[in-house]
Amino acid sequence: MARALRGVVRRRSAVTLETMPFSKALNAGLRKAMEDDPKVLLMGEDIGKLGGVFRVTEHLQRDFGEQRVLDTPLAESGIVGTAIGLAMVGFRPVIEIQFDGFVFPAFDQITTQLAKLTNRHEGNLSLPIVIRIPYGGHIGAVEHHQESPEAYFAHTPGLRVVSPSTPNDAYWMIQEAIASNDPVIFMEPKSRYWPKGEVDLAGSAAPLHSSRVVRTGSDVTLVGHGAMVTTLLQAAALAESEGTSCEVVDVRSLSPIDYEPILNSVRKTGRMVYAQEAPGFTSIGSEVAATVMERAFYALEAPVLRVSGYDTPFPPAKLEGTYLPDADRILEAVDRSLAY
């Protein structure tokens, strides 16, 4: 009887999956990082008592105190500059930029100071700073609250740029980003904050800078990052109902990019479509398309195609459904690829 009971306990303890929204998974990941390392502290506008606009930092100030979860003035340049100073003396600051369009007042600090200081010190100075940026559309917001600035940072040497698409990745990738000794721009697709998914709280983290095949297929490779991964999966399901098998690759890391899963998929299918919310000109999709054309040219049966937001400022909320790629636009690109 005792042996049987011990077996029950073991089986129960082996169940480590918990279903939670993306925002709560980030909260849990931040909490775990703060528990593990007293040098981790959070900074941002309204992240303390309010818990952030999207409630990602809810209750963390209550549980860790005002010296580790700091409500800052509305001054993004000052927030990043202060974080640089804190990192220089051994802290690991995690900054929240309230909305994507608010990061630009801090752009000089990020690209001319944060990104370059380690190189300026010949590798003798580490700046373990994470800058969390909610980005993208689908929430019906006003100007400066719906943008996709990821290419600016991926273009800048000295910065790592990542974007999780699932709650499980949110939980693990935020911890991996905080553990990095290099600055990490952590792009959070804001439309994914509320949908729930399984989080393996006792699992192990995939490498921070790795791409991953999230659906297997044989006819066309669909590639994207952030919120667009969900749209790609929707398009792949619709394509399957029409007899087309699509493989879906989640890029996850925008700088550096792990190309092997993408190239291996393209060598199998011979076709690729990249989808993103950001404008198409000089974008992550442009870079991936060019690299695939260079490194897998003889495997391609058609040109790499891109589906993106339009090369205009993000429109008013009523027009975002026209601006943002959807499953129909992706399937149209799939049809064009198959027509070659």
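The values are calculated or read from the model by the stated rules, or taken from the named source; none is laboratory data. Treat the numbers as computed from the prediction; the structure is a model and nothing was measured. Neighbour counts are summed over all protein chains in view; Cβ atoms, including those assigned to glycine, are modelled from backbone coordinates with ideal geometry. Ligands, DNA and RNA are excluded from the accessible area calculation, which covers all protein heavy atoms including side chains. Shrake-Rupley method; radii C 1.70, N 1.55, O 1.52, S 1.80 Å.
Every listed requirement among (1) of a type outside the set (A, V, I, L, M, F, W, C); (2) in contact with a Leu (Cβ under 9 Å, 6 or more places away or on another chain); (3) under 27 Å from residue 135 (Cβ atoms) is met by residue 256 save one, (2). Pairing residues of segment 288-301 that are of a type in the set (Val, Ile, Thr) with residues that are open to solvent by less than 10 Å² (accessible area, probe 1.4 Å) and in a helix (DSSP H, G or I), at Cβ distances under 8 Å and at least 6 apart in sequence or on separate chains, gives 288/262; 292/262; 292/263; 292/266. Only one of 90, 136, 101 is within 30 Å of residue 322 (Cβ to Cβ) and out of contact with any helix residue (DSSP H, G or I) (no Cβ under 9 Å at 6 or more places or on another chain); which? Going through 90, 136, 101 in turn, just one is within 30 Å of residue 322 (Cβ to Cβ) and out of contact with any helix residue (DSSP H, G or I) (no Cβ under 9 Å at 6 or more places or on another chain): 101. For segment 45-101, a residue qualifies if it is part of a helix (DSSP H, G or I) and either open to solvent by 50 Å² or more (accessible area, probe 1.4 Å) or on the phi > 0 side of the Ramachandran plot (or both), and the qualifying residues are 62, 63, 82, 88.
Looking across segment 206-226 at every residue that is outside any loop (DSSP other than H, G, I, E, B) and surrounded by fewer than 24 Cβ atoms within 10 Å (Cβ to Cβ), the one that is nearest to the chain's Cα centre (by Cα) is identified as 212. In this entry, residue 132 passes the filter for residues that are in contact with an Asp or Glu (Cβ under 7 Å, 6 or more places away or on another chain) and either open to solvent by less than 10 Å² (accessible area, probe 1.4 Å) or among the β-branched types (Val, Ile, Thr) (or both). As a summary of the residue check, residue 192 satisfies the conditions (1) under 20 Å from the mean Cα position of the chain (by Cα); (2) open to solvent by less than 50 Å² (accessible area, probe 1.4 Å) except for the one numbered (2). Among the residues making up segment 262-285, those that are in contact (Cβ under 8 Å) with a residue 12 or more places away in the chain, open to solvent by 30 Å² or more (accessible area, probe 1.4 Å) and under 19 Å from residue 248 (Cα atoms) are 267, 268, 271. Selection of segment 189-236 for residues being farther than 19 Å from residue 267 by Cβ and among the polar types (S, T, N, Q) yields 191, 204, 230, 231, 234. Only a single item in (1) closer than 19 Å to residue 187 by Cβ; (2) open to solvent by less than 40 Å² (accessible area, probe 1.4 Å) is not met by residue 107, and it is number (2).
None of 14, 28, 75 is out of contact with any strand residue (DSSP E or B) (no Cβ under 6 Å at 6 or more places or on another chain) and at pLDDT below 95 except 14. Residues in segment 248-270 that are over 20 Å from the mean Cα position of the chain (by Cα) and charged (D, E, K, R): 267, 268.
Among the residues of segment 295-311, are any aromatic (Phe, Trp, Tyr), within 30 Å of residue 144 (Cα to Cα), open to solvent by 60 Å² or more (accessible area, probe 1.4 Å) and not in a helix (DSSP H, G or I)? Yes, segment 295-311 contains a residue that is aromatic (Phe, Trp, Tyr), within 30 Å of residue 144 (Cα to Cα), open to solvent by 60 Å² or more (accessible area, probe 1.4 Å) and not in a helix (DSSP H, G or I). Residues that are within 15 Å of residue 80 (Cα to Cα), open to solvent by 10 Å² or more (accessible area, probe 1.4 Å) and among the β-branched types (Val, Ile, Thr) within segment 110-128 comprise 111, 112, listed in sequence order.
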